[in-house]
């Protein structure tokens, strides 16, 4: 069997004649010194089949495809657009966030428009492998191929004397009023360290809390210290899972005037905004991170990156922009 190379016109004409004589794929492959699978792919390329295959049409399509693959990509032709896209990829923005945000940043410049699929194609089909690896590094999920895996969440522990999420005001579900938060912990290496995460349901503003310890008293004090910096009008409720770190929820409510509502056991979808935010934070702190070694400055940097990143749910405005508007309205 000869080394693979593309079919040329004489081979395609011979293939067409063999098909007219009803030869099998293996018989054709033997005559052309090709693999049967190569012959099969050639015949059925571009919606063709044994009856409709024509050598001239197949040859023209092959030439068109070869020329198309060598055409410069949009990001290669527009240096300014390439710099903006790659720069925002480095900030861990998704291709869709970049594409939608460009319409806001450059409303009158049609040259600064690109679809998120074009950005993905630029990343995944890039011919130079070392540059492809660099671009893949900036994506949230550094996969070689485009797919999403579900992540199992940790089990929640029961907690006593709590107010159920069933008693939470209806206004919380509507997301029309700012000041309703969701909270959780992200565990570190061997579950020996953790950080706290708080996200506002309407604006998606994220607060990352440095924790010295994971016990209920430490978590209560750290969360209260973080939330008490906010205007009172933006401290209405906190929805939490039934983890023992929130066992002092009554003291927390006393210190912050924030009512805590607890989700049902093993029901992470009842705190979906926080679960999604934790996944975003995990992009910066991989599994096995020792959070006791992560500085407050580093946590604040990640917090700022997330709050200055446009969100699809916010019309591709940033959480900080929407939260700032909410502060102006509520105060």
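The values are calculated or read from the model by the stated rules, or taken from the named source; none is laboratory data. The structure displayed is predicted, hence computed values, not measured ones. Here Cβ is always computed from backbone atoms with ideal geometry, including for glycine, and neighbour counts include all displayed protein chains.
Is one or more of the residues making up the stretch 207-225 within 16 Å of residue 275 (Cβ to Cβ) and either without any contact (Cβ under 8 Å) to a residue 40 or more places away in the chain or under 28 Å from the mean Cα position of the chain (by Cα) (or both)? Walk me through how you get there before you give the answer.
So the first thing to find is which residues in the stretch 207-225 are within 16 Å of residue 275 (Cβ to Cβ), and the list is 207-208.
Then drop every residue that is not either without any contact (Cβ under 8 Å) to a residue 40 or more places away in the chain or under 28 Å from the mean Cα position of the chain (by Cα) (or both), which leaves 207-208.
Looking for residues that are within 16 Å of residue 275 (Cβ to Cβ) and either without any contact (Cβ under 8 Å) to a residue 40 or more places away in the chain or under 28 Å from the mean Cα position of the chain (by Cα) (or both), one finds at least one in the stretch 207-225, hence yes.
Taking the stated definitions as given, is residue 297 surrounded by fewer than 13 Cβ atoms within 10 Å (Cβ to Cβ) and under 20 Å from residue 178 (Cβ atoms)? Against the criterion (surrounded by fewer than 13 Cβ atoms within 10 Å (Cβ to Cβ) and under 20 Å from residue 178 (Cβ atoms)), residue 297 does not qualify. State yes or no: is residue 277 more than 22 Å from the chain's Cα centre (by Cα), surrounded by 15 or more Cβ atoms within 10 Å (Cβ to Cβ) and not in a strand (DSSP E or B)? No; evaluated as a whole, the condition is false for this residue. When the test is whether a residue is part of a helix (DSSP H, G or I) and either crowded, with 18+ Cβ neighbours inside 10 Å or at pLDDT 55 or above (or both), residue 131 does not pass it. Within the stretch 314-328, the residues that satisfy the criterion of being in a helix (DSSP H, G or I) and either touching a helix residue (DSSP H, G or I) at 6+ places or on another chain (Cβ under 9 Å) or surrounded by 19 or more Cβ atoms within 10 Å (Cβ to Cβ) (or both) are 314, 319, 320, 321, 322, 323, 326, 327.
Residues that are touching a strand residue (DSSP E or B) at 6+ places or on another chain (Cβ under 8 Å), closer than 27 Å to residue 321 by Cβ and either at pLDDT 90 or above or assigned to a strand (DSSP E or B) (or both): does the stretch 213-221 have at least one?
Taking the stretch 213-221 first, the residues touching a strand residue (DSSP E or B) at 6+ places or on another chain (Cβ under 8 Å) are 214, 219.
Checking the rest, the ones that are also closer than 27 Å to residue 321 by Cβ come to none.
Among the residues of the stretch 213-221, not one is touching a strand residue (DSSP E or B) at 6+ places or on another chain (Cβ under 8 Å), closer than 27 Å to residue 321 by Cβ and either at pLDDT 90 or above or assigned to a strand (DSSP E or B) (or both), which makes the answer no.
Residues that are modelled with pLDDT of 90 or more and either assigned to a loop (DSSP other than H, G, I, E, B) or surrounded by 17 or more Cβ atoms within 10 Å (Cβ to Cβ) (or both) within the stretch 280-292 comprise 280, 281, 283, 284, 285, 289, 290, 291, listed in sequence order. What residue, among those in the stretch 300-313 that are closer than 12 Å to residue 277 by Cβ and touching a strand residue (DSSP E or B) at 6+ places or on another chain (Cβ under 8 Å), is surrounded by the most Cβ atoms within 10 Å (Cβ to Cβ)? Looking at residues that are closer than 12 Å to residue 277 by Cβ and touching a strand residue (DSSP E or B) at 6+ places or on another chain (Cβ under 8 Å), I get 306.
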